[in-house]
Amino acid sequence: MSGFSGAAAIAGIGATEFSKDSGRSELRLACEAVLAAVADAGLKPSDVDGMVTFTADTNAEIHVARSTGMRDLTFFSRIPHGGGAACGTVQQAALAVATGVADVVVCYRAFNERSGVRYGLGQADGPAETGADSAAYAWLTPFGLSTPAQWVAMFARRYMHEYGATSEDFGRVAVVDRRHAATNPAAWFYRRPITLEDHQASRWIAEPLHLLDCCQETDGGQALVVVSAERARDLPHPPAVVLGAAQGSGDDQHMMTSYYRPRITGIPEMGLVGRQLYAQSGLGPADMDAAILYDHFTPLVLPQLEELGFCAPGEAKDFVAEGNLELGGRLPFNTHGGQLGEAYLHGMNGIAEAVRLVRGTSVNQPEGVRNVIVTAGTGVPTSGLVLGADR
Amino acid sequence: MTSYEDFAGREILPLWEGPDPVNVPMIRHWAEAMGDRNPIYRDDAAARATGRPGIVAPASMMQAWTMRGYAATVEGPDAGARAGAAAGARELDGLLEKDGYTSVVATDSEFEFHRELVAGDRVSVREVVESISPEKSTALGTGRFVTTVRTYTDQDGEVVAVQRWRLLRFRPKEARAPRPRPAVNRDNAFWFEAAREHRLVIQRCAGCGTLRHPPGPCCPHCGSFDWDAAEASGRGQVYSFVVNHHPRHPAFEYPLIVAVVELDEGTRLVTNLVGVEPGEVEIGMPVVLDWLDADPDLSLPVFRPQSGIAA
Ligand SMILES: [Zn+2]
C-alpha cells in the first residue's frame, strides 16, 4: 500500500432527483446535492474546507460555497476531461485529507444535461452561456465594470478612504518594481526605471488607478519542476524546499468583485493562505527574508503586506514608504521587477524568482536569504508558497 | 451667406392647387377608411338637415386635397419634395444639410379651420417659414425646430384653413452599441424582470428573512431554497466608486462612473452614478434610485445624488 492508502474515506452522499427537465439552475442542483451530502455525513456546510469538481462543471466552487454557507476553503481542485474526472475528484480529496491540507472535502458535479446543453447534440449553435460564472458578470458588465483594473480600483478607492492611503502610496510599489526590473536583463522594463512623478503623471485607466499602477501584458511561458526534497539534493541546483503551500477562498468570495463583505479593505483569502503557510512551515513573518507578492495592480500589494503579518491593517503605506521593500530593506520585494516590471505570467515567473532567491542567484540578490514567501493572484481564490533553503 | 434667422417669412412652397376638386367619392372613401360614420360626410339629406349646404369634407382631409399624389412619391424624395418648391426651400435644405441636420421628424401640427369644404371647392396651399429655432439638444439628437405656416385657400382666394407645421431637422445621435447583455438564468431572472418594470428588488430568504444580493439559489444562513423579493426603498449611499477611462466600450460614455452603492436595506450593488461629475463623487454621498432604459430590452437601476432630486 502506498502513500495515502487507507488515509481517507467517503462519509456522506447526496443527490437531487434525476429527471429530464429539472426546472432549476445548475447552481441550484449543485447546492442541493452538496447540502444533502453534507447532511448525510452529519456535518454542517461550515465544516467543509475543500471542494473538487470537474473543469466541465459550470458551478465554480465559490458560487456553491457562497450559496450553501461554507466559509473558508483551503483546498479546491478540478479535474479535466469530462466524465474521466469522476474518480479523480475522490483521489484529489483523499490526497488533501491524507496530507492535512483539508479536513472535509466535497466532490460534486451538477448539470442540466438534458434540458440545457446536451452533449449529444454536438458543439455547434449552442445556446448562450448562462452558468453561474457568466451570471456573475450580469451584475458588472451592463454597468461598464468589466476589466480587472476597474474591479481592483473599486477596492483601492475604499482602502484609500478608510486608511488615508493615496495614489502616491500605490505609486511607490510601482517604483520599487521598476527599479528592480531596471537591473534585470530578462525584464521587459530592463534599464527603464520610473519615478513617483512619472507614476503620478501617467494617464488614468480607472480612477484611482493610473497606467503605471497596472501590470504589463506579456506573451511567454514559465514552468517549474517539483520532485521530492531528497531527490532534489542529488540534482545540480540547491533545492528550493516547499516549506508551505496553501490555497485560500474566503467567506463570501467572488471573482475580483467581493464587494459585499462587511469590509473590503482586506484580502481575507490571502490571510487564510498566510496562516496556513506559517502553520505548515513553522515560520512567521519575521522569518521571511524576501517576498514575491502578486502585483497585477499596485493597490492590492498593500493589503497583502497586512494580511501576511508584515504590518498592521492600514499601515502598509508607511511600511512601503519607509523603504522596507527595497533591496537593503526589511523585506526585499519582487526582486525580478514583478509583473509590472519583468513580465506578467500569471505569477509563475515570481515563483521562479523565489527559487533564484533561495539559490542565491537573483540578479538583485539580497544578502542572507533563506525563506521567501510567494503569493498568487489577489481578489480571487488564491494560493501561496513558502520556499526555503535546504536545512 | 444666408442665416437661419433670414428665413422667417420666406416662401418655401408657392401657391399650389390640388389636382382634384373636393368631391363626394373621395370623401366617402376617406370616411370609410377612417371608420367615421358621421352622416354629414355620406348623406346629402342628413347634411342639409344640420343646416349645411350638402355633404361636407371632414376637416382632417384638408391636406389630402393638396397632396402631390402617388407618382410624385414613387419618383423619389427629390421629385416629390421639390416639384414646385421655391428657391427658399432649396436654400433651406442646403443650409440644413451643410450643418449635418440630415434627419427629420414631424413634431407638431396645429390646424385652424375657417370653413368646411363642400363638393366643387378647389383647394390651394402655400407654405411660408414662420421661424427656425436656435440649435436644441433633444432625445433624438441636436437640431433645429423649423416651423412653417401652410395657408389653405379656396377658388376665390379665401382662407379655409391655416396649419402651423413643425419639423425637427436634426443630426441623429451617434448610435451607441448596446450595453453588454447580462447572462439571465433561473437564479437572477426575477431581478432583471423587475428592473424592466422599474422596480429595484432584493432577494429575501423565506426561511430566515435575510436579504441577499447578488442573489443565489439558497440561503447561506439557513439553507432554505425558498425566497421572495423585497422592493428596495431606492435610498442608499456610495460605498466605493471608480471612474473608468480606458479601455472604452462603445456602449458607454467616458469618463464613466461605476459605484458600489450600499442601500438603506443593507445590501450593496454595482451601479452607475448619473447627474454628477466624476470630481464631485464622494464615498458616503447619499444617493437615490433612478432608472436607465438602456435599450428596449434592458433597464438598469442607476443612482443620482440625493440633493440633485431636491434641486
Ligand atoms: Zn435563510
Practice prompt. Would you tally the residues in the stretch B:241-262 being surrounded by fewer than 23 Cβ atoms within 10 Å (Cβ to Cβ) and within 30 Å of B:Gly209 (Cβ to Cβ)?
Written response: 1
Practice prompt. Considering only the stretch B:44-63, state which residues are crowded, with 17+ Cβ neighbours inside 10 Å and among the hydrophobic types (A, V, I, L, M, F, W, C).
Written response: B:Ala47, B:Ile55, B:Val56, B:Ala57, B:Met61, B:Met62
Discussion item. Tally up the residues in the stretch B:211-238 that are in contact with a Cys (Cβ under 6 Å, 6 or more places away or on another chain) and open to solvent by 20 Å² or more (accessible area, probe 1.4 Å), please.
Written reply: 5
Worksheet item: So A:Val104 clears everything in (1) closer than 23 Å to B:Cys219 by Cβ; (2) open to solvent by less than 20 Å² (accessible area, probe 1.4 Å) except one condition, right? Which one?
Response: (2)
Item to complete: Within the stretch A:286-310, track down each residue that is free of Cβ contacts under 8 Å to residues at least 40 places away in the same chain, open to solvent by 20 Å² or more (accessible area, probe 1.4 Å) and not small (Gly, Ala, Ser).
Response: A:Phe310
Worksheet item: Do we find that A:Gly6 is surrounded by 15 or more Cβ atoms within 10 Å (Cβ to Cβ) and assigned to a loop (DSSP other than H, G, I, E, B) in this structure?
Response: no
Fill in: Residue list for the stretch B:255-276, restricted to those being in a loop (DSSP other than H, G, I, E, B) and at the interface with chain A (Cβ under 9 Å from one of its Cβ atoms)
B:Pro255, B:Thr267
Worksheet item: Since A:Gly274 meets every condition but one in (1) assigned to a helix (DSSP H, G or I); (2) under 13 Å from the mean Cα position of the chain (by Cα); (3) closer than 27 Å to A:Ala206 by Cα, which condition does it not meet?
Response: (3)
Practice prompt. Give the residue that is nearest to A:Pro381 (Cα to Cα), with candidates limited to residues of the stretch A:45-81 that are in contact with a Phe, Trp or Tyr (Cβ under 7 Å, 6 or more places away or on another chain) and without any contact (Cβ under 8 Å) to a residue 40 or more places away in the chain.
Written response: A:Arg78
Worksheet item: If we keep just the residues of the stretch B:161-201 that are more than 27 Å from B:Glu231 (Cα to Cα) and small (Gly, Ala, Ser), which is surrounded by the most Cβ atoms within 10 Å (Cβ to Cβ)?
Response: B:Ala161
Fill in: Test for A:Ala94: is it surrounded by fewer than 22 Cβ atoms within 10 Å (Cβ to Cβ) and part of a helix (DSSP H, G or I)
yes
Worksheet item: Can you name the condition, by its number, that A:Leu224 falls short on among (1) within 19 Å of the chain's Cα centre (by Cα); (2) open to solvent by less than 60 Å² (accessible area, probe 1.4 Å); (3) of a type in the set (A, V, I, L, M)?
Response: (2)
Discussion item. Can you find, within the stretch A:368-379, the residue that is farthest from A:Leu305 (Cα to Cα) among those that are crowded, with 22+ Cβ neighbours inside 10 Å and out of contact with any strand residue (DSSP E or B) (no Cβ under 6 Å at 6 or more places or on another chain)?
Written reply: A:Gly379
Response to the item:
Given (1) surrounded by 22 or more Cβ atoms within 10 Å (Cβ to Cβ); (2) more than 21 Å from the chain's Cα centre (by Cα); (3) assigned to a loop (DSSP other than H, G, I, E, B), A:Ala343 misses just (2)
Discussion item. I'd like the full set of residues that are outside any strand (DSSP E or B), under 43 Å from the mean Cα position of the chain (by Cα) and either within 12 Å of the ligand (Cβ to nearest atom) or within 12 Å of A:Ala65 (Cα to Cα) (or both), limited to the stretch B:219-235.
Written reply: B:Asp226
Practice prompt. Please specify each residue of the stretch A:16-39 satisfying the condition of being within 8 Å of another protein chain (Cβ to nearest Cβ) and hydroxyl-bearing (Ser, Thr, Tyr).
Written response: A:Ser25
Discussion item. Going through B:Leu289, B:Leu300 one at a time, which residue ends up being farther than 24 Å from A:Ser202 by Cβ, open to solvent by 10 Å² or more (accessible area, probe 1.4 Å), in the same structural domain as B:Arg196 (by TED's automatic domain parsing) and part of a strand (DSSP E or B)?
Written reply: B:Leu289
Fill in: Qualifying residues in the stretch B:186-229 (those that are more than 10 Å from chain A (Cβ to nearest Cβ) and among the polar types (S, T, N, Q)) - the one farthest from A:Glu26 (Cα to Cα)
B:Thr210
Worksheet item: Which one of A:Ser281, A:Ser228 is among the small types (Gly, Ala, Ser), free of Cβ contacts under 8 Å to residues at least 40 places away in the same chain and farther than 20 Å from A:Thr335 by Cα?
Response: A:Ser228
Worksheet item: Taking the condition outside the structural domain of B:Leu15 (by TED's automatic domain parsing) and either under 30 Å from A:Glu32 (Cβ atoms) or in a strand (DSSP E or B) (or both), does B:Ala177 pass?
Response: no
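Any idea which of A:Arg231, A:Arg191 is more than 30 Å from B:Val302 (Cα to Cα), more than 14 Å from chain B (Cβ to nearest Cβ) and in a helix (DSSP H, G or I)?
The conditions single out A:Arg231.
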Worksheet item: Among B:Gly207, B:Gly279, which is the only one that is at pLDDT 95 or above and part of a helix (DSSP H, G or I)?
Response: B:Gly279
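Select, from A:Ala182, A:Ala174, the only residue that is more than 20 Å from B:Tyr239 (Cα to Cα), more than 11 Å from every other protein chain (Cβ to nearest Cβ), crowded, with 20+ Cβ neighbours inside 10 Å and modelled with pLDDT of 95 or more.
Just one listed residue meets the conditions, A:Ala174.
The values are calculated or read from the model by the stated rules, or taken from the named source; none is laboratory data. Owing to the predicted nature of the structure, the values given are computational and were not obtained by experimental measurement. Note that we place each Cβ from the backbone using ideal geometry, even for glycine, and neighbour counts take in every protein chain shown. With ligands, DNA and RNA removed, areas are computed over all heavy atoms of the protein, side chains included. Shrake-Rupley method; radii C 1.70, N 1.55, O 1.52, S 1.80 Å.
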